[in-house]
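The values are calculated or read from the model by the stated rules, or taken from the named source; none is laboratory data. These numbers were taken from a predicted model, which means no experiment stands behind them. Cβ: placed from backbone, ideal geometry, glycine included. Neighbour counts: every protein chain shown.
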Amino acid sequence: MKRPNLALLIVLSFLAGLLAGTRLEKVAFGKANRYTVPLDSAAGAMRPLLRQQNKLSVSKNLTPVELYLDLMKSALMDLIYENNPTVFSLRVSGRDRGGRGLTLIGMKRLDNIALLMNDVLQRHIPGDFIEAGAWRGGATIFMRAVLKAQGITDRRVWVADSFEGLPPPDEKAYPADKGMALNKDNLFAVSLQDVQDNFARFGLLDAQVRFLKGWFKDTLPNAPIDKLAVLRVDADMYESTMEALVSLYPKLSPGGYVIIDDFGCFEACAKAVKDFREKHGIRAPIISIDWTGAYWQK
C-alpha cells in the first residue's frame, strides 16, 4: 500500500482550516512524572511562560497555523494512523522507541519548541535555531515548520549530528559516561541522507536548513553560526552535552533559551549541565517540560 504524501496532507488540512475555521479539541495526557534528579525552581519573569506551557487541555478554535503545526506533530510522532492506545500514549509521552516516527520526544517537548520559538520571535531575540543531536530530524523538521508557518525567511535551522550514532564513551576523560553503551545501539545511527529525505517529505528541505555532520568536538567549535535564539541539546552523554554547551552557549543571545532533552533521563547529561552552569555562574531557574526535558532562559 502506497504511503500518503504527508506534505500534501498537511497543506490540504491547512487550507481546510482557512476555509472552515476547523475546531479541534486538545487532549491532555496527565501530569508529567517527577524528575529523577532535582530541578531548580521557576521564579520571577518566567512564571507567565511556565503557566502558558502547562495549559495542556484547552478547547478552542485553532488558527490555520496552529492546525498545521498540530498535524505536523502528529505526523512526526507517527500518531495519525496509530490505533493501539498503549503505543499512542507512550509516543505522546516521549517514552516509545519503536515505530516509524521521526522523533521520540513526545508532545510536551514538541509543544515546548513551538512555545519558546514563538516567544523569541515575538520579542525579536536575534539568532537561529539548532538541535545538537537530531536522530531522524523530527525536532528540527518541526523547527523549520514553525518558521515556515509564520513566514520567517531570515533565520535558519541547524541540524548537528554525527549521523552515525553516539560516540563510544571516553571513560578516562569523562568518568560520568562510564558504562554508557549507546554507541552500540543502531537505533540512533541515522544517515545524513535519510534525515535530508525526511525534511523533503514535508516540503521543508531548503536553504534555511543547514547540516553539521560529524562529532561535536570537530564540528561545533568552528560552526559558521553567528547567533542563536534557541539551543536544543539532545546528546544523552556527559561528553556530548558538555561539548554542545561549551561551543554553542556563548552564541546564544540574551533572552534566548537552552533546552536539554535528557536532563531527567541520563544522570551523565544532568551532571554536564550542572557542571557547566556552576563553572559559568549561571543561576537562571531550570524549568521542567515533562519527565525528562528541561530548559532555562539566558
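The table for this structure:
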| item | result |
| --- | --- |
| Single unsatisfied condition, GLY256 versus (1) surrounded by fewer than 23 Cβ atoms within 10 Å (Cβ to Cβ); (2) in contact (Cβ under 8 Å) with a residue 40 or more places away in the chain | (1) |
| Within the range 161-186, tally of residues that are assigned to a loop (DSSP other than H, G, I, E, B) and on the phi < 0 side of the Ramachandran plot | 15 |
| Some residue of the range 190-197 being closer than 21 Å to ARG97 by Cα, touching a strand residue (DSSP E or B) at 6+ places or on another chain (Cβ under 6 Å) and of a type in the set (A, V, I, L, M, F, W, C) | yes |
| Filtered residues of the range 173-215 (kept if among the polar types (S, T, N, Q) and at pLDDT 95 or above) | SER191, GLN193, GLN196, ASN198, GLN208 |
| Residue check, GLU278 surrounded by fewer than 16 Cβ atoms within 10 Å (Cβ to Cβ) and either aromatic (Phe, Trp, Tyr) or under 23 Å from ASN112 (Cα atoms) (or both) | no |
| Qualifying helices (runs of 4 or more DSSP H) (wholly inside the range 65-160; at least 3 residues being surrounded by 20 or more Cβ atoms within 10 Å (Cβ to Cβ)) | 106-122, 138-149 |
| Every pair of residues 6+ apart whose Cβ atoms lie under 7 Å, when the first sits in the range 148-163 and is in contact (Cβ under 8 Å) with a residue 12 or more places away in the chain and over 25 Å from THR219 (Cα atoms) while the second is outside any loop (DSSP other than H, G, I, E, B) and among the β-branched types (Val, Ile, Thr) | ALA149/VAL65; GLN150/VAL65 |
| Condition check for THR219: under 15 Å from ALA160 (Cβ atoms), more than 17 Å from the chain's Cα centre (by Cα) and of a type in the set (Val, Ile, Thr) | yes |
| Candidates PRO126, PRO169 - the one that is under 26 Å from ASP275 (Cα atoms) and of a type outside the set (Lys, Arg) | PRO169 |
| Subset of the range 118-163 (residues that are of a type in the set (Phe, Trp, Tyr) and within 22 Å of ASP70 (Cβ to Cβ)) | PHE129, TRP135, PHE142 |
| Matching residues in the range 209-252 - criterion: being touching a residue at least 60 places away in the same chain (Cβ under 8 Å), in contact with a Pro (Cβ under 7 Å, 6 or more places away or on another chain) and surrounded by fewer than 23 Cβ atoms within 10 Å (Cβ to Cβ) | LYS227 |
